[in-house]
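Peer 1: If you scroll down you'll find the structure; I have some questions about it.
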């Protein structure tokens, strides 16, 4: 295993490629985002996306945000070689909704809103609320783990270069 | 932005290894030995330690107050005294004036000025109460996973250090590389490809 600090920088591109693939898959093959077993919901883009284009001498960053975001500029940026570095996602399952922002290089999660829970007034309420919140977090994190596993398997297979990259190029060129 | 807040931030960790039996007692000992101590009455600028989720300002880990279901729930507290620079400037100027008057000198040496400044900072540190920052964590011992409810760099680093000191277990942050290592379930062929992987030319 590599030194953690070295590995963080060496492999952060994987996180950007994962988010870029996720956007593509949400648009073009949502079926690939559903596990074979178990019950899972659907995932869509939320209200924010950040893309970054790193060339030899400069880094260009574009942030798109808003409740009904128009992703044309993001698509153009992708066409020019940028990758998604941060994305806000909405996950819906059984009429419940989770919303959060996922950063590609660190996989850190910010502004995570889980489905609404009842009020917490007593110590017993707190214990119930903790268990419920842990369960709700577990649900979304397990789904994210599934997505990442699906991506990394594809990324390390010949199908990435042979099928996925040409399809992605076609989608971006629209 | 604590664990039960409507909106939270989250850093995921893998816990390397498991505690020896009796687990509860070992956690209790680790928490108690490294619990936060109040720094309001001394000259320390910073205090770091564990505190209770339910009562973060009167930390007690008695009974199994840190256990809920199969989880361990407690918090990291970082107390810090921040003296505004203009306050330091004000009291430094007053002390400097007193010293010059008492000594009858027109100037003070660089060393003397430095001593006055340190004295002022020490006095102010004793008078200013520390600002507490509390970061919750949820540890699933069986699953060897831990969620820390912040993304801030400094608290994450303090957590990693204090966790190792308290429980002799290493925390490994989950990011693309470590996620692949621990959760990718790669074959040896896939792993080999992973070690040689470079960025994909998606648009060329």
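The values are calculated or read from the model by the stated rules, or taken from the named source; none is laboratory data. Keep in mind that this is a model prediction, so the values were computed, not measured. Methodologically, a virtual Cβ is constructed for each residue, glycine included, from the backbone with ideal geometry; neighbour enumeration extends over all protein chains shown.
Peer 1: Quick check: is even one residue across the stretch B:174-192 at pLDDT below 95, on the phi < 0 side of the Ramachandran plot and away from chain A (no Cβ under 12 Å)?
Peer 2: no
Peer 1: From the list A:100, A:107, which residue is under 16 Å from the mean Cα position of the chain (by Cα), closer than 30 Å to residue A:80 by Cβ and not in a strand (DSSP E or B)?
Peer 2: Sole residue among the options that is under 16 Å from the mean Cα position of the chain (by Cα), closer than 30 Å to residue A:80 by Cβ and not in a strand (DSSP E or B): A:107.
Peer 1: Determine whether residue B:165 is modelled with pLDDT of 95 or more and surrounded by fewer than 18 Cβ atoms within 10 Å (Cβ to Cβ).
Peer 2: yes
Peer 1: Could you go through the stretch A:48-63 and let me know if any residue there is touching a strand residue (DSSP E or B) at 6+ places or on another chain (Cβ under 6 Å), in contact (Cβ under 8 Å) with a residue 40 or more places away in the chain, crowded, with 19+ Cβ neighbours inside 10 Å and not in a loop (DSSP other than H, G, I, E, B).
Peer 2: No, the stretch A:48-63 contains no residue that is touching a strand residue (DSSP E or B) at 6+ places or on another chain (Cβ under 6 Å), in contact (Cβ under 8 Å) with a residue 40 or more places away in the chain, crowded, with 19+ Cβ neighbours inside 10 Å and not in a loop (DSSP other than H, G, I, E, B).
Peer 1: Considering only residues that are modelled with pLDDT of 95 or more and over 11 Å from residue B:150 (Cβ atoms), which ones fall in the stretch B:8-23?
Peer 2: B:12, B:13, B:14, B:15
Peer 1: Also, I was wondering about something else. Within the stretch A:24-45, is even one residue surrounded by 16 or more Cβ atoms within 10 Å (Cβ to Cβ), within 20 Å of residue A:149 (Cβ to Cβ), within 14 Å of another protein chain (Cβ to nearest Cβ) and in contact (Cβ under 8 Å) with a residue 24 or more places away in the chain?
Peer 2: yes
Peer 1: So, one more: Within the stretch B:68-94, how many residues are surrounded by 17 or more Cβ atoms within 10 Å (Cβ to Cβ) and not in a loop (DSSP other than H, G, I, E, B)?
Peer 2: 12
Peer 1: If you don't mind, another one. Would you point out the residue of the stretch A:9-19, among those that are in contact (Cβ under 8 Å) with a residue 24 or more places away in the chain and in contact with a helix residue (DSSP H, G or I) (Cβ under 7 Å, 6 or more places away or on another chain), that is surrounded by the most Cβ atoms within 10 Å (Cβ to Cβ)?
Peer 2: Selected residue: A:15.
Peer 1: If only one of A:166, A:119 is in a helix (DSSP H, G or I), modelled with pLDDT under 95 and surrounded by fewer than 18 Cβ atoms within 10 Å (Cβ to Cβ), which one is it?
Peer 2: A:166
Peer 1: Among the listed residues A:89, A:156, which satisfies the condition of being more than 9 Å from chain B (Cβ to nearest Cβ) and surrounded by 17 or more Cβ atoms within 10 Å (Cβ to Cβ)?
Peer 2: Result: A:89 is the single residue among A:89, A:156 that is more than 9 Å from chain B (Cβ to nearest Cβ) and surrounded by 17 or more Cβ atoms within 10 Å (Cβ to Cβ).
Peer 1: In the stretch A:20-30, what residues are in contact with a helix residue (DSSP H, G or I) (Cβ under 9 Å, 6 or more places away or on another chain) and in a helix (DSSP H, G or I)?
Peer 2: If the condition is that a residue be in contact with a helix residue (DSSP H, G or I) (Cβ under 9 Å, 6 or more places away or on another chain) and in a helix (DSSP H, G or I), then A:20, A:21, A:22, A:23, A:24, A:25, A:26, A:27, A:28 are the ones that fit.
Peer 1: Within the set of pairs 6+ apart or on separate chains, which have a first residue in the stretch B:166-187 that is farther than 20 Å from residue A:10 by Cβ and assigned by TED's automatic domain parsing to the domain that holds residue B:143, a second that is buried (at least 22 other Cβ atoms within 10 Å of the Cβ) and modelled with pLDDT of 95 or more, and C-beta atoms under 6 Å apart?
Peer 2: Cβ pairs passing all conditions: B:171/B:13; B:171/B:163.
Peer 1: Pick out the one residue from A:8, A:16 that is within 10 Å of chain B (Cβ to nearest Cβ), assigned to a helix (DSSP H, G or I) and touching a strand residue (DSSP E or B) at 6+ places or on another chain (Cβ under 7 Å).
Peer 2: One residue alone meets the criteria, A:16.
Peer 1: For the stretch A:109-152, enumerate the residues that are under 26 Å from residue A:19 (Cα atoms), touching a helix residue (DSSP H, G or I) at 6+ places or on another chain (Cβ under 9 Å) and free of Cβ contacts under 8 Å to residues at least 60 places away in the same chain.
Peer 2: A:109, A:112, A:114, A:115, A:145, A:149
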